[in-house]
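This report concerns only the one structure given below.
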């Protein structure tokens, strides 16, 4: 008679195979975690050093050392300093979108959503380092036509992936929100923000922080609300 229990009991070979497969998955998961952690550390270090020294003056060796890694680890994750900047740009865009959506969704009414979007826009002036870093990199790209085309294409891809249309659904009827607005409105808002932030950083006696905020609010209303 066939022993049914014996027929269904896993063999030692089968158990060994399962353990080996499980161990392999754990090793791959740990390797991926280390890879992700290294990449994140390099991006964070790059943001600090780019802001401190400027994009062109920053050195790959210093970025890697600041992240606790070697030059070889840098090149294991990024082909160049420019590619690292693109990764930073994408991370920053997604972070800002998440922050904007969270601020807007906390408000109970469409009018409150609009007020929150205005405050988010003017609040970006509190991070002048990022605005100046973007301006510097754009100037770098303009002087290097191959990089300019890549930066513009990367910007377009990031904007297309952000699903800004979801923000528009929260706006009052007739309002040109972040996603519905023609591209020219978005360009105007970004250019005005960056230009005024630069002027404030350059000559705060000419345009104070309070004046900067008031101007940004007025310009937002003129472009988005009117």
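Among the residues of the stretch 29-36, is any at pLDDT 90 or above, outside the structural domain of residue 90 (by TED's automatic domain parsing), closer than 24 Å to residue 93 by Cβ and surrounded by 14 or more Cβ atoms within 10 Å (Cβ to Cβ)?
Within the stretch 29-36, not a single residue is at pLDDT 90 or above, outside the structural domain of residue 90 (by TED's automatic domain parsing), closer than 24 Å to residue 93 by Cβ and surrounded by 14 or more Cβ atoms within 10 Å (Cβ to Cβ).
Filter the stretch 102-121 down to the residues that are surrounded by fewer than 18 Cβ atoms within 10 Å (Cβ to Cβ) and in contact (Cβ under 8 Å) with a residue 24 or more places away in the chain, then identify the one that is nearest to residue 215 (Cα to Cα).
118
Under 6 Å between Cβ atoms, which residue pairs at least 6 apart in sequence (or on different chains) link something in the stretch 170-193 that is in the same structural domain as residue 215 (by TED's automatic domain parsing) with a partner that is in a helix (DSSP H, G or I) and modelled with pLDDT under 80?
Qualifying pairs under 6 Å: 177/167; 177/168; 178/167; 179/165; 179/167; 179/168; 180/168.
Give me a count of the residues in the stretch 191-226 that are under 27 Å from residue 152 (Cα atoms) and modelled with pLDDT under 90.
Residues meeting the conditions: 2.
Listed here are the residues, each with its yes/no results for (1) in a helix (DSSP H, G or I); (2) assigned by TED's automatic domain parsing to the domain that holds residue 153; (3) modelled with pLDDT under 90.
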{"site": "63", "(1), (2), (3)": "yes, no, no"}
{"site": "69", "(1), (2), (3)": "no, no, no"}
{"site": "87", "(1), (2), (3)": "yes, yes, no"}
{"site": "90", "(1), (2), (3)": "yes, yes, yes"}
{"site": "101", "(1), (2), (3)": "yes, yes, yes"}
{"site": "115", "(1), (2), (3)": "yes, yes, no"}
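Can you confirm whether the stretch 128-142 contains a residue that is surrounded by fewer than 16 Cβ atoms within 10 Å (Cβ to Cβ), free of Cβ contacts under 8 Å to residues at least 60 places away in the same chain and more than 30 Å from residue 214 (Cα to Cα)?
Yes.
The values are calculated or read from the model by the stated rules, or taken from the named source; none is laboratory data. Bear in mind the structure is a predicted one, so any value in this text is a computation, not a measurement. Cβ coordinates were reconstructed from backbone atoms using ideal geometry, including for glycine residues, and neighbour counts include every protein chain displayed.
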